[in-house]
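Right, one structure below, let's go through it.
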Amino acid sequence: RAIAPSASFGPARKALAIALTPTRNDEAALVEIMRARELDPVGLPGAVESAAVFYNLRLYDRALATLQEAANLDGRAGVLWRWNGIVSGGKGDYATAAAAFERAIALGDRSAATRCYYIHALARAGRDKDALRELSMLERETAVVAPSFLAIAYLGIGDRERAIAQLQAGYAARDPLLQYIVVESYLDALMDDPRFVQIVDGMGLPQPRRS
């Protein structure tokens, strides 16, 4: 409805592209994000949102290429390095992911999301002590962390039960980020668990595809 009166309203097209990915409307999502990029070919937010769409669709090389184009314009934007870490981890390159998250954090991005992905990447890269130290610091803080992010951190250190418990808590609390668990490659190890399947069914979303 937002696009109908103005076909060139880029923010709505980007939001629609992202919203289409959990519903398995892959081709429609690609059409929308490519149109949005045509409308805003150099903007940093547009590049990040495009990378998010490509990541959700598991088009990792396209996501990294988009992030590199944006980094050529502004390599000190922490959000670009966060997404470099997320996408690299999606590809299974956790050492590169951890390094990217470290750069994002050094540039000022200490968001809970970045730190949870970082913990996962550290553990999967074989840096268990670093991962546990970071998790301990995060757990001692008073800031609220979305359950879906905590699930990523716990799964990284191999604690499946706490990861599932966080997803169940998120479902009960209507965590809006929970919709993206169906496209989140960092949660692949849980996707065959009956409790994960039940959460997805409860949200009325199609079951995720695996890598």
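The values are calculated or read from the model by the stated rules, or taken from the named source; none is laboratory data. Source: prediction; values computed, not measured. Neighbour counts are summed over all protein chains in view; Cβ atoms, including those assigned to glycine, are modelled from backbone coordinates with ideal geometry. Surface accessibility is based on the protein's heavy atoms, side chains included, excluding ligands, DNA and RNA. Shrake-Rupley method; radii C 1.70, N 1.55, O 1.52, S 1.80 Å.
Tabulated data for the structure shown
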{"item": "Single residue of segment 175-211 satisfying the filter (aliphatic (A, V, I, L, M) and touching a residue at least 60 places away in the same chain (Cβ under 8 Å)) that is surrounded by the fewest Cβ atoms within 10 Å (Cβ to Cβ)", "result": "Leu205"}
{"item": "Meets criteria (under 19 Å from Arg82 (Cα atoms) and at pLDDT 95 or above) for Ala163", "result": "no"}
{"item": "Output for segment 18-36, where each listed residue is open to solvent by less than 50 Å² (accessible area, probe 1.4 Å), over 16 Å from the mean Cα position of the chain (by Cα) and not hydrophobic (A, V, I, L, M, F, W, C)", "result": "Asp26, Glu32"}
{"item": "Those residues of segment 167-191 which are of a type in the set (A, V, I, L, M), in a helix (DSSP H, G or I) and under 16 Å from the mean Cα position of the chain (by Cα), in sequence order", "result": "Leu167, Leu177, Leu178, Ile181, Val182, Val183, Leu187, Ala189, Leu190"}
{"item": "Identity of the residue in segment 93-144, hydroxyl-bearing (Ser, Thr, Tyr) and in a loop (DSSP other than H, G, I, E, B), that ends up farthest from Arg82 (Cα to Cα)", "result": "Thr142"}
{"item": "Some residue of segment 150-160 being at pLDDT below 95, open to solvent by less than 60 Å² (accessible area, probe 1.4 Å) and closer than 25 Å to Ala17 by Cα", "result": "no"}
{"item": "Residues satisfying the stated conditions in segment 55-82, i.e. open to solvent by 30 Å² or more (accessible area, probe 1.4 Å) and either in contact (Cβ under 8 Å) with a residue 60 or more places away in the chain or under 19 Å from Asp40 (Cα atoms) (or both)", "result": "Arg58, Arg62, Leu64, Ala65, Gln68, Glu69, Asn72, Leu73, Asp74, Val79"}
{"item": "Residues that are part of a helix (DSSP H, G or I) and over 25 Å from Leu187 (Cα atoms), drawn from segment 19-44", "result": "Val31, Glu32, Met34, Arg35, Ala36, Arg37, Glu38, Leu39, Leu44"}
{"item": "Some residue of segment 177-185 being at pLDDT 95 or above and charged (D, E, K, R)", "result": "yes"}
